[in-house]
Amino acid sequence: MPLPSAVKNSARRKPIGHKMFGISDITKVCYYPAAGTDIQAILRFSHLTDTILAPTTSRYLTRQRQEDLFKAKCNTLNSFFGKPLLELVDVVDLDSYFEDEAKYLTGAEDIFSKEEQAVYMRAFMPLVPKRLSATKFVFKRTLGRTERKVDWIHTSTEGIATLAVIFKRTGALPEIFCTIQTGNLEYPYSILLRIIKKIGTYPEIWVRGFWPTKAWSRIPIQSFPPYKHIAQDYGNWNSSLGITTLNHEDNSSDHTPKHSCVRAFTREPLELPSKHRTLQSSLNPNRRLTIEYGNIIDQAGRFDGSIISERMNHTGMHAATHMATTWETLSGRNPEGMFPALTFLESLEAAGTYAMKEGLRNLAVTPMGYEDEGVSIQEYLDASDKPVDITVFLMRPLDYISLCAESKAVTS
């Protein structure tokens, strides 16, 4: 699935046609080195890509262990929401795709210093197996009536060496990079940045993050060149979902905070198509939802009621409307820092019910749910002919673009 057209990269090079692991276009992939079994990437990016390529070196992360962990995490997610949001539906052996390529990044004196090369080899030589392995885990992502297939391709290879192989074979790089708590790749002057600069092809979006329980430096989620423009923030990014794993695989749910700190960055500011868009029901033009780019606090005076998150409420960011509540109050659930209180579709249903119950003519809300759920807007609007007027306020440009791109019912 292509990225929104507002995301542009003039340095992109076209693929030369070689298919790695059956991937038809490597540019449309999310590249997530050292991902382990972090299914958050599927929940956040399934509207932007249908393939996550996740090289992870490990002594113990066998195909069977990954399958078990994926299933356990999906079960936890689905149990919390009481519906099948994500399911592992197939496991495919891709070992035959490996050719006789280098297992480590070598001969890169202009990228590594001698000391860094020695550290790199000491770190990965014990982890990269003699016989490389690749596995495709096929997931089904369910969003109301919409179903998406997402392929998670794990390789037992080292991430930087794999990146070099990708470019050598295809002449291109993935459009989305995700690096969370690798200990190196998400920092300024990292090996990743150096090799991208040498190749001369830059990804569209770079998602960076860290585990507060492991690294207290906030540098990965701060702006630094060349990816210095914040495009999106990700709340409730919890990689373990309460499942017991080794302490270096996930941000453990046994500690506080349970979530990872994660942001998306771009090299240039994203261009918004407009400041707001209104979507209408096909059954009733008075049943509408407006997506507006801006701060709900600044615009609250225009509305009869508002709904924000408990986090905003606790930090004093109250919307000064006649009626006000929080998503957590309406949901009745205790997310414990691992989940959103509601899916996006559930939040729209809860907002509509709240507005009708309180007799509100118009309602301002902040978004609730996972970032890939924009397709739920039209399903909600067409589920009834009852009038409703909800405005969703978004603070980051990628939030706005991805939500608006999901629907064909844009009227302004």
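A few remarks follow.
- Within segment 241-294, the GluC sites (Glu not before Pro) that combine a DSSP coil assignment with at most 15 other C-beta atoms in a 10 angstrom radius are Glu271.
- Accessible-area composition of the chain, carbon plus sulfur, in percent [1.4 Å probe]: 51 percent
- Only helical runs count toward this figure. For the chain, summing -39,500 (n - 2.57) over DSSP H runs of n ≥ 4 and dividing by all residues gives -7000 deg cm²/dmol at 222 nm.
- Rounded to the nearest 10 degrees, the inclination of helix 159-170 to the longest alpha-carbon principal axis of the chain is 90 degrees.
- Cα gyration tensor, segment 167-295 - rounded (a/c under 1.5), prolate or oblate: oblate
- For segment 60-95, chymotrypsin sites (Phe, Trp or Tyr not before Pro) meeting the loop criterion (DSSP other than H, G, I, E, B) and having at most 14 other Cβ atoms within 10 Å: Tyr60.
- Within segment 107-199, chymotrypsin sites (Phe, Trp or Tyr not before Pro) in DSSP loop having at most 12 other beta-carbon neighbours inside 10 Å: Tyr189
- Comparing Ser384, Ser402, Ser253 in a Gaussian network model of the chain, where Cα atoms under 10 Å apart are tied by springs, the biggest mean-square fluctuation is seen for Ser384.
- Residues within the reach of a label modelled at Asn286 (point 7 angstrom out along Cα to beta-carbon, backbone nitrogen below 18 Å), restricted to segment 338-355, are 352-355.
- DSSP beta bridges fully contained in the chain are about 50 percent antiparallel.
- Seen from every direction in turn and averaged, the convex hull around the alpha carbons of segment 257-316 projects onto 7.4 nm².
- Summarised in one figure, the compactness ratio Rg/Rh of segment 322-409, Cα atoms and Kirkwood Rh, is 0.95.
- Set against the labelled values [x] 23; [y] 4; [z] 13, percent of Cα pairs over 43 Å apart computed from this structure falls on [z].
- Volume in Å³ per residue [convex hull over Cα atoms, computed for segment 231-275]: 99 Å³
- A Gaussian network model of the chain, with springs between Cα atoms under 10 Å, assigns the largest mean-square fluctuation among Ile199, Ile221, Ile401 to Ile199.
- Pairwise Lys count, segment 193-338 - Cα closer than 29 Å, eight or more residues apart or different chains: 7
The values are calculated or read from the model by the stated rules, or taken from the named source; none is laboratory data. The structure presented is a predicted model; accordingly, all values stated were derived computationally and were not measured. A quick note on method: Cβ atoms are made from the backbone with ideal geometry, for glycine too, and the neighbour counts reach across all protein chains shown. Keep in mind that these areas ignore ligands, DNA and RNA; they rest on the heavy atoms of the full protein, side chains included. Shrake-Rupley method; radii C 1.70, N 1.55, O 1.52, S 1.80 Å.
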